[in-house]
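Participant: Sharing a structure below in structure tokens format, with a few things to ask.
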Amino acid sequence: MPTRTTTANPGTPGFTLLEVLATLLLLSVGMLGIATLYLESLRISRLALHRTQAVTLAADLADRIRANRDPPGAYACGDPCRPDAGGDAVATADLASWIGNIATQLPGGTAAVAFSAAGSGVPARYTVAVRWNAGGTAHPHSFQLQLEI
């Protein structure tokens, strides 16, 4: 029986080094795409968490305003919000606590509360705005809540 020698014959089956390198290049590009997709999902997840916290914080102040309606406009605190803006003692304490919560729960969190007095057929209205900075974006994100009393 004749012995078979291994030589580089173009007709023999198998992989060449060039095919292996091309396959590795395609796999590495695919893995980089998956890693980018994963990082983007983490960024969007963090943004969704911050937005949820902003909605919860704005609703918290709306509940505090509903519980303490007198005097009208007691929770108006300007932009940026300062708790000593002239409200009564309960409103000042509520605003100080609320602003502290915003500062601890949102990165670079600030707030503003504006008040519009009641007019002819128009109820009094508070506008609660919460802003925060998200990493990787040039502009701050914000959430506004309008509360009619």
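The values are calculated or read from the model by the stated rules, or taken from the named source; none is laboratory data. Just so it is clear, the structure is predicted and the values come from calculations on it, not from any experiment. Using ideal geometry, Cβ is built from the backbone for each residue, glycine included, and neighbour counts are taken over all protein chains shown. Calculation scope for accessible area: heavy atoms of the full protein, side chains included, ligands and nucleic acids excluded. Shrake-Rupley method; radii C 1.70, N 1.55, O 1.52, S 1.80 Å.
Participant: From the Cα gyration tensor of the chain, with a ≥ b ≥ c the square roots of its eigenvalues, which class applies: rounded if a/c is under 1.5, or else prolate if a/b is larger than b/c, or else oblate?
Facilitator: Since a/c reaches 1.5 and a/b is larger than b/c, the shape of the chain is classed as prolate.
Participant: If I compute solvent accessible area with a 1.4 Å probe over the protein chains, what percent of it on the chain is carbon and sulfur?
Facilitator: 63 percent
Participant: Any idea what diffusion coefficient segment 7-78 gets from Stokes-Einstein, in µm²/s, Kirkwood Rh on alpha carbon pairs, 25 °C, 0.890 mPa s?
Facilitator: Answer from the Stokes-Einstein relation: 135 µm²/s.
Participant: Moving on to the next point. Could you put Val20, Val29 in order of accessible surface area, largest first, with the 1.4 Å probe and the full protein assembly present?
Facilitator: Most to least solvent-accessible, the answer reads Val29, Val20.
Participant: If you don't mind, there's one more thing I want to ask. Rounding to the nearest 10 and keeping the result within 0 to 90°, find how far the Cα-based axis of helix 89-105 lies from the longest principal axis of the chain.
Facilitator: So the inclination is approximately 10 degrees.
Participant: Next up: Given a 1.4 angstrom probe, what's the average accessible area per residue across the chain, in square angstrom?
Facilitator: 67 Å²
Participant: Can you pull the accessible area of Val113 for me, 1.4 Å probe, Å² to the nearest 10?
Facilitator: Counting only protein heavy atoms, the figure is 0 Å².
Participant: Sticking with this structure for a sec: Would you mind finding the longest exposed-site-free stretch of the chain, with exposed trypsin sites (Lys or Arg not before Pro) meaning DSSP loop and at most 14 other Cβ atoms within 10 Å?
Facilitator: Longest run free of exposed loop sites: 70-149.
Participant: If one takes the longest principal axis of the Cα atoms in the chain, at what angle in degrees, from 0 to 90 and to the nearest 10, does the Cα axis of helix 17-67 lie?
Facilitator: 10 degrees
Participant: Let me ask something additional. Once you keep just the Cα pairs under 8 angstrom separated by 6 or more residues, what percentage relative contact order results for segment 30-130?
Facilitator: Relative contact order here is 24 percent.
Participant: Still on this structure, please answer the following. At 20 °C and 1.002 mPa s, grab the translational diffusion coefficient of segment 104-149 from Stokes-Einstein with a Kirkwood Rh over Cα pairs, rounded to a whole number in µm² per second.
Facilitator: Once the numbers are plugged in, D ends up at 177 µm²/s.
Participant: If R0 is 22 Å, what FRET efficiency do you get for Arg125 and Ala103 from their C-beta distance, rounded to 0.05?
Facilitator: Using R0 = 22 Å, I get an efficiency of 0.30.
Participant: Ala35 to Asp63: FRET efficiency via 1/(1 + (r/R0)^6), r the Cβ-Cβ distance, R0 35 Å, to the nearest 0.05?
Facilitator: It comes out at approximately 0.25.
Participant: Moving on to the next point. Give me the one-decimal nm value for the distance between modelled label points at Thr23 and Ile44, 7 Å along each residue's Cα-to-Cβ direction.
Facilitator: 3.3 nm
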